[in-house]
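First comes the structure, then the notes that go with it.
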Amino acid sequence: MESFETLAVRTQAQRSNYQEHSVPLYLTSSFVFDDADEMAAVFSDEKTGYQYSRYNNPNVDEFCAKMARLEGAEAGYAYASGMGAIFSTLMALLNAGDHIISCASIFGATHVLFNNTLKRWNITTSFFDINSPQDIEKLLRPTTKILYAESPTNPGCDLLDLEQLAEIAHQHNLLFVVDNCFATPYIQQPIRFGTDIVLHSATKLLDGQGRVLGGVVVGSQELINKIYLFSRGIGATLSPFNAWVLSKSLETLAVRVEKQSENALKIAEFLEQQPEIERVTYPFLPSHPKFELAKRQMRTGGNMVACEIKGGLKAGKQFLNSLKMCSITANLGDTRTIVVHPASTTHCKLTKEELTAGGITQGTIRVSAGLENVNDIIADLKQAIHGE
Ligand SMILES: *Cc1c(COP(=O)(O)O)cnc(C)c1O
């Protein structure tokens with residue numbers, strides 16, 4: 001039963017006495033004990049059992065177990081949001097004075113976390129350019145603990161060779177942490193390339209229907225234990241309701257992402273032929289600078305397409321304003337196609353230099369392909385480009 005689709009559908013919490021087919025929602029903040037001795041045994045870890053939903057809950061456990069199996073990891077822990085997962089994981093593993101090396105092309109809020117928030121605890125970050133991973137070794141310090149990356153990147157859809165980065169990290173005793181949000185485990189499993197810790201914003205493709213926020217971390221039992229003991233104490237825990245929704249969503253992840261990738265490729269091919277579009281970046285387009293790597297590392301090209309419209313900020317805004325069906329909203333990976341302009345929204349807190357380093361220009365447009373009929377999506381993009 002090791003195939004992806006079967007694990008996604010058949011990994012489920014133990015049935016209750018009612019023998020339900022679909023897993024019920026365990027909407028409870030705590031769990032009762034037969035007597036004081038049993039409670040004491042569970043609290044002292046002599047006996048395993050549910051105690052309190054900030055620690056563990058059957059719905060949250062099911063979601064974590066499923067994500068760990070889909071990513072090929074030993075264990076996982078889930079959070080109220082993707083940022084909750086990223087912040088808690090880093091804080092669980094780092095001490096004041098430690099140093100991170102990260103690719104410059106990362107999610108906007110993660111950039112702010114590295115550049116502003118973590119500095120308050122004297123945790124500093126050095127960035128390497130996505131096209132120069134050989135610079136990583138020049139940035140090493142005795143205090144460096146973590147190598148951090150995303151592939152494909154948000155919003156540029158650029159790629160990193162995960163196997164190569166894992167090798168560099170392990171040569172220098174660093175933990176290699178990957179945000180696998182854009183790919184999902186259906187497309188790539190970073191653990192198989194040597195990644196130590198995989199993070200997700202479950203808000204995106206894992207839910208895939210724009211309903212709930214969530215985050216998850218997976219890795220070895222040893223690392224997850226450390227992260228779990230820290231995280232259960234600080235309260236960024238995933239709610240049982242959101243876990244129940246997310247676990248159901250994973251049952252359809254493979255079919256959704258497969259179809260969304262098919263739509264995204266057609267959208268990318270269409271955009272590449274438009275004279276108003278300067279450049280299209282999609283991993284499975286032969287024109288992608290890392291097309292060979294994409295084919296080696298990824299099952300499909302994913303649902304995200306980046307392009308650059310001629311005319312910069314003004315043309316970018318006009319394009320968004322002309323859309324009739326596609327949504328202008330701060331999410332991605334939804335069943336509905338979403339178009340955003342990163343420079344003025346998701347990445348607006350970055351300086352000009354940081355934007356350039358992250359491969360974002362004033363004309364960058366990010367399309368998250370949904371599940372509408374692809375002809376309708378392309379027709380909307382077409383009329384918005386040409387003003388028909
Ligand atoms: C959205 C996103 C996050 C943050 O997730 P939230 O659920 O919004 O907190 C982190 N990384 C990437 C790549 C994202 O797209």
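Of all residues in the stretch 72-100, those that are assigned by TED's automatic domain parsing to the domain that holds residue 222 and within 16 Å of the ligand (Cβ to nearest atom) have Cβ atoms under 6 Å from Cβ atoms of residues that are open to solvent by less than 10 Å² (accessible area, probe 1.4 Å) and assigned to a loop (DSSP other than H, G, I, E, B), 6 or more apart or on another chain, in 78/238; 79/238; 80/238.
Say whether the condition of being in a helix (DSSP H, G or I), on the phi < 0 side of the Ramachandran plot and among the charged types (D, E, K, R) is met by at least one residue in the stretch 79-100. It would help to see each step written out before you state the result.
The first filter runs over the stretch 79-100 and keeps only residues in a helix (DSSP H, G or I), leaving 82-93.
Among the residues that remain, those that are also on the phi < 0 side of the Ramachandran plot are: 82-93.
Those still in the list that are among the charged types (D, E, K, R) too: none.
No, that holds for no residue.
Scanning the stretch 101-111 for residues that are within 10 Å of the ligand (Cβ to nearest atom) and in a loop (DSSP other than H, G, I, E, B) yields 106, 107. Which residues, counting only those in the stretch 293-315, are open to solvent by 10 Å² or more (accessible area, probe 1.4 Å) and in a strand (DSSP E or B)? Result: 308, 309. Scanning the stretch 151-162 turns up one or more residues that are open to solvent by 10 Å² or more (accessible area, probe 1.4 Å), charged (D, E, K, R) and within 14 Å of the ligand (Cβ to nearest atom). Suppose the filter is basic (Lys, Arg), assigned by TED's automatic domain parsing to the domain that holds residue 284, away from the ligand (no atom under 16 Å from the Cβ) and out of contact with any Leu (no Cβ under 6 Å at 6 or more places or on another chain); does residue 266 pass it? So residue 266 passes the test. For the stretch 1-25, residues that are surrounded by fewer than 12 Cβ atoms within 10 Å (Cβ to Cβ), out of contact with any Pro (no Cβ under 7 Å at 6 or more places or on another chain) and of a type outside the set (D, E, K, R) total 9. If I ask for residues that are in a loop (DSSP other than H, G, I, E, B) and within 14 Å of the ligand (Cβ to nearest atom), which ones from the stretch 167-187 would you list? Within the stretch 167-187, 180, 181, 182, 183 meet the criteria.
Please enumerate the residues belonging to the stretch 340-380 that are surrounded by fewer than 23 Cβ atoms within 10 Å (Cβ to Cβ) and in contact with a Cys (Cβ under 7 Å, 6 or more places away or on another chain). Hit for the stretch 340-380 is 380, nothing else.
Of everything listed in (1) touching a helix residue (DSSP H, G or I) at 6+ places or on another chain (Cβ under 7 Å); (2) within 11 Å of the ligand (Cβ to nearest atom); (3) polar (S, T, N, Q), the single unmet condition for residue 195 is (2).
The number of residues in the stretch 26-53 that are surrounded by fewer than 17 Cβ atoms within 10 Å (Cβ to Cβ) and touching a residue at least 60 places away in the same chain (Cβ under 8 Å) comes to 2. For the criterion of being open to solvent by less than 10 Å² (accessible area, probe 1.4 Å), in a helix (DSSP H, G or I), touching a Ser or Thr at 6+ places or on another chain (Cβ under 6 Å) and under 24 Å from residue 155 (Cβ atoms), residue 114 passes.
Yes or no, residue by residue, for (1) at pLDDT below 95; (2) surrounded by 20 or more Cβ atoms within 10 Å (Cβ to Cβ); (3) over 16 Å from the mean Cα position of the chain (by Cα):
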position: 79; (1), (2), (3): no, yes, no
position: 84; (1), (2), (3): no, yes, no
position: 91; (1), (2), (3): no, no, yes
position: 124; (1), (2), (3): no, no, yes
position: 128; (1), (2), (3): no, yes, yes
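Within the stretch 202-236, the set of residues being outside any loop (DSSP other than H, G, I, E, B) and either within 14 Å of the ligand (Cβ to nearest atom) or surrounded by 23 or more Cβ atoms within 10 Å (Cβ to Cβ) (or both) comprises 215, 216, 217, 218, 219, 224, 227, 231.
Among the residues of this structure, residue 42 counts as one that is more than 16 Å from the ligand (Cβ to nearest atom) and in contact with a Ser or Thr (Cβ under 8 Å, 6 or more places away or on another chain).
Taking residue 9 as the residue in question, decide whether it is touching a residue at least 40 places away in the same chain (Cβ under 8 Å), closer than 30 Å to residue 256 by Cα and not in a loop (DSSP other than H, G, I, E, B). Break it down into steps so the answer makes sense when it comes.
Numbers: touching a residue at least 40 places away in the same chain (Cβ under 8 Å): yes; closer than 30 Å to residue 256 by Cα: yes; not in a loop (DSSP other than H, G, I, E, B): yes.
In short, yes.
Inspect the stretch 336-358 for any residue being assigned to a loop (DSSP other than H, G, I, E, B), modelled with pLDDT of 90 or more and touching a strand residue (DSSP E or B) at 6+ places or on another chain (Cβ under 6 Å) and give the result as yes or no. Scanning the stretch 336-358 turns up at least one residue that is assigned to a loop (DSSP other than H, G, I, E, B), modelled with pLDDT of 90 or more and touching a strand residue (DSSP E or B) at 6+ places or on another chain (Cβ under 6 Å). Looking at residue 56, is it open to solvent by less than 50 Å² (accessible area, probe 1.4 Å), within 16 Å of the ligand (Cβ to nearest atom) and out of contact with any strand residue (DSSP E or B) (no Cβ under 6 Å at 6 or more places or on another chain)? Spelling it out, it is not the case that residue 56 is open to solvent by less than 50 Å² (accessible area, probe 1.4 Å), within 16 Å of the ligand (Cβ to nearest atom) and out of contact with any strand residue (DSSP E or B) (no Cβ under 6 Å at 6 or more places or on another chain). Looking at the stretch 28-36, can you tell me whether even one residue there is closer than 20 Å to residue 214 by Cα and in a loop (DSSP other than H, G, I, E, B)? Yes.
The values are calculated or read from the model by the stated rules, or taken from the named source; none is laboratory data. In this text, all values refer to a predicted model and were calculated from it rather than measured experimentally. Glycine also receives a Cβ, built like all others from the backbone with ideal geometry; neighbour counts cover every protein chain displayed. Heads up: the accessible areas ignore ligands, DNA and RNA and are worked out on the full protein's heavy atoms, side chains in. Shrake-Rupley method; radii C 1.70, N 1.55, O 1.52, S 1.80 Å.
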